[in-house]
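Undergrad: One structure follows; several queries about it will come next.
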Amino acid sequence: MEKIKTSVTIDRKLWEELKLKVGSRGGLKALSRAVEEAIEEEVADLLIIEALEHEVKSEELPLSISPIKPRVATDAGKSVRELRELRI
């Protein structure tokens, strides 16, 4: 992965806290990695969407969806009632 050097403006107190917490363990590399992980976490949904779009483009999707019958008879109302009774 290609790296870039950038400059950002953030609250001094916040930066000092991050440096104390992360920088003391691993220096500048650990600090850079912590910032990078925070950014990745913030844009994770975009990365996931991009990966899924890539996968979908390579495969043809079915045009229709067929319902299937459950293997075991179920009663959704009964199940919800049981779960609600467990909360009490």
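Any read-out appearing in this document is the output of simple, stated calculations on the displayed coordinates, not a laboratory observation. Everything numeric in this text was worked out from a predicted model, so none of it was measured. Glycine gets a Cβ as well: all are built from the backbone with ideal geometry, and neighbour counts include every protein chain shown.
Quick grid of which residues meet (1) of a type in the set (Ser, Thr, Tyr); (2) surrounded by 10 or more Cβ atoms within 10 Å (Cβ to Cβ):
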site: Ser24; (1), (2): yes, yes
site: Gly27; (1), (2): no, yes
site: Ala30; (1), (2): no, yes
site: Pro70; (1), (2): no, no
site: Arg87; (1), (2): no, no
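Undergrad: Taking the condition of being of a type in the set (A, V, I, L, M) and in a loop (DSSP other than H, G, I, E, B), how many residues in the range 1-33 meet it?
TA: Total satisfying the criteria: 4.
Undergrad: Right, here's the next one. Among the candidates Glu50, Glu55, Glu36, Glu40, which residue alone is part of a helix (DSSP H, G or I) and loosely packed, with under 10 Cβ neighbours inside 10 Å?
TA: Testing whether each residue is part of a helix (DSSP H, G or I) and loosely packed, with under 10 Cβ neighbours inside 10 Å leaves just Glu55.
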